[in-house]
Amino acid sequence: MARIKFGDRHIGEGEPCYLVAEIGANHDGDPEKCLELVRLAAAAGADAVKLQTYTAAELVADPQRVITWGPEEQERSETIGGLFDRLALPRKAHAAIFAEAKRLGVTIFSTPFSLDGIGFLAGLGVPGWKIASSDIQYGGMLDALAATGQPVIMSTGKHTLAEVDAAVSRLRRGGCRELVLLHCIAQYPAPMDEMNLRSIPALQGIYPDAAVGLSDHSIGVTAGLGAVALGARMIEKHFTYNKAADGPDHWFSADPAEFAALVRGTREMEAALGGVRLGVTESEIAERRNAVRSLVTARPIKAGQPVTAEDLTALRPGWGVNPMQMESVLGLAPGRDLPAGQVLTWDDFKPAP
């Protein structure tokens, strides 16, 4: 499994899961809201925040196509070009937002959606790149990002394994040496019964030289925590200031409280996963001593009297002779008189001084 340098952190083997707050379109096209989202994400414990850098002209050939978005019974329709232009973060606003993230100690990067966007973001000093699921087959973009020599994070949604593999091969040929692959269901929200989180260790087995994680579009933190349990090294999740805000992504995104719960749950999950230890743990030592059984005298036994099975029972505490050793005790004679209820130790069978 790879260990990848991304900004001032590492992603991969031996590292805590890297948690990315995907701001996406949830700034509503307002730079001030974007700044506030960066601050909220930092306070919630995000390792990084991610933007999207695009215009409608960079994305669609049919800007007048009408799309419908929103939760059931609250759907809204508008042209896709109008939506993208309304929600695009102005390029001139990026620098101040990057500066604020750096001031807060949060890594910031963005998904470019054009070759021009790559050049623009390179000028801002991004630590690496995100390829959206939609651009896995955009060979020119893959080539341009690979040529930077920087880490690349690629989502795998709505593509076959063969298509993902072709993109990975092209990135590798182009010079990409540090790669993160994010298992992704590109539906908004993603249905829980299609998350197929076991794909994460499968992807890791196919691409052992990459780090593998999850781009999570499901509602809640269940899928993210399940991914951590299955070995995900990065979780990317849409982040909003208010789930009830007006916009296409707010309703299925994590608000600050939910993202903080993801952070907390992830760190607790990592602690719980630990390593492989089949035996007594540090916290069990006292419990083992007090709450397992030892051999105990069922009735008084005189010094020198051979012990019989009827003389013994097995009761707590557990610091005496193990009941599994009962056959080794039978026939031995204690070196002193033993009362009923005596927890036996091997010292009880030493000759009297």
task: Over the Cα atoms of segment 254-353, compute the convex hull volume and normalise it per residue, giving Å³.
output: 139 Å³
message: Under the 0.36 nm per residue contour assumption, what length would be gained going from the current alpha-carbon distance of K92 and I67 to full extension?
response: 6.2 nm
task: Sort 17-30, 322-335 for me by packing, meaning the mean count of neighbouring Cβ atoms within 10 Å per residue, highest on top.
output: 17-30, 322-335
field: Fraction of the pair-distance distribution of segment 271-330 above 18 Å, Cα-Cα pairs, percent
entry: 49 percent
task: Apply the Debye scattering formula to segment 233-293, with a single equal point scatterer on each alpha-carbon and no solvent, then give log10 I(q)/I(0) at q = 0.12, 0.19 Å⁻¹.
output: -0.53, -0.79
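Mean residue ellipticity at 222 nm from the helices of the chain, using -39,500 (n - 2.57) per DSSP H segment of n ≥ 4 over the full residue count, to the nearest 500 deg cm²/dmol? Write down the numbers at each step before the final one.
On the way: 12 runs with 114 residues, N = 353.
Mean residue ellipticity, 222 nm, calculated: -9500 deg cm²/dmol.
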- prompt: Looking at this model, which pairs from K102/K243; K5/K102; K50/K237; K5/K130; K5/K237 are more than 19 angstrom apart at the alpha-carbon?
  reply: K102/K243; K5/K237
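Ignoring ligands, DNA and RNA, what accessible area per residue does the chain give at 1.4 Å, in Å²? Write out the running numbers ahead of the final one.
Numbers: 16490 Å² over 353 residues.
About 47 Å² of surface per residue is accessible.
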- request: Rounded, prolate or oblate: pick one for segment 113-246, where a ≥ b ≥ c are the square roots of the eigenvalues of its C-alpha gyration tensor, a/c under 1.5 means rounded, and failing that, prolate if a/b is larger than b/c, else oblate.
  value: oblate
message: How large is the Kirkwood hydrodynamic radius of segment 170-216, counting all unique pairs of alpha carbons, in Å?
response: 11.7 Å
- prompt: If the cut-off is 14 Å between C-alpha atoms, which aspartates and glutamates fall inside it for K158, apart from same-chain ones fewer than 8 positions away?
  reply: D135, E194, D216
message: Which of rounded, prolate or oblate describes segment 22-155 when judged by the alpha-carbon gyration tensor and an a/c cut-off of 1.5?
response: oblate
task: Classify the chain as rounded, prolate or oblate, taking a ≥ b ≥ c as the square roots of the eigenvalues of its Cα gyration tensor: rounded when a/c is under 1.5, otherwise prolate if a/b is larger than b/c and oblate if not.
output: prolate
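Based on the Cβ-Cβ distance from A229 to A340, what FRET efficiency comes out when R0 is 51 Å, to the nearest 0.05?
It comes to 0.50.
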task: List the extent of the Cα atoms of segment 186-336 along each of their three principal axes, largest first, rounded to whole Å.
output: 87, 37, 24
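The values are calculated or read from the model by the stated rules, or taken from the named source; none is laboratory data. Quick caveat, the model's predicted, so the values are computed rather than measured. Cβ atoms come from the backbone with ideal geometry, glycine included; neighbour counts cover every protein chain shown. All accessible areas refer to the heavy atoms of the entire protein, side chains included, with ligands and DNA or RNA removed. Shrake-Rupley method; radii C 1.70, N 1.55, O 1.52, S 1.80 Å.
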